[in-house]
1. Projecting each Cα onto the charge dipole of the chain (Lys/Arg +1, Asp/Glu -1 at the beta carbon, about the Cα centre), which of Ser54, Leu17, Leu28 comes out farthest on the positive side?
2. Between (1) -0.69; (2) -0.74; (3) -0.84, which entry matches log10 I(q)/I(0) by the Debye sum over Cα atoms at q = 0.16 Å⁻¹ as derived from the coordinates of this structure?
3. Span-like helices, the chain: DSSP H, alpha-carbon axial extent 18 Å or more, mean Kyte-Doolittle 0.5 or greater, which ones?
4. Calculate the dipole size of region 1-80 relative to its Cα centre from +1 charges on Lys and Arg beta carbons and -1 charges on Asp and Glu beta carbons; express the result in debye to the nearest 20.
Amino acid sequence: MLIDKLLLSRRLRVQQLAEQGARLQHNLQFQQQLLQQRALVFISSAPGLMLSCSAGVMFSLRHNTVVKTVRRAVGLRWLRWAF
């Protein structure tokens, strides 16, 4: 009887945790979709296009000594692409 009671309480707890995990997963997916939408809106806006263009120009000049000096002075870190 005591074992049955403990098993029942454990099953209820597992079920509650599974439901909570499902809710959190759904919430995470929704937030990810919202972030993707906001990123697309930003990229297509004027500031986003300007930032993208600036980053492209800086990246294409990454071996230039002036750009390297500015980068050291400002302390910017370049993204490292993992291939």
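1. Highest projection toward the positive end goes to Ser54.
2. After the calculation, the listed value that fits is (3).
3. Values: long enough: 2-43 (61 Å, -0.15); 46-60 (21 Å, 1.31).
Correct list, ordered by number: 46-60.
4. Numbers: 12 positive and 2 negative charges, 78 e Å.
Dipole magnitude for region 1-80 comes out near 380 debye.
Only the coordinates and a few stated rules stand behind these numbers; no lab work does. It should be emphasised that the depicted structure is a prediction, and the values quoted were computed from it without experimental measurement. Neighbour counts run over all protein chains shown; Cβ positions are idealised from the backbone, glycine included.
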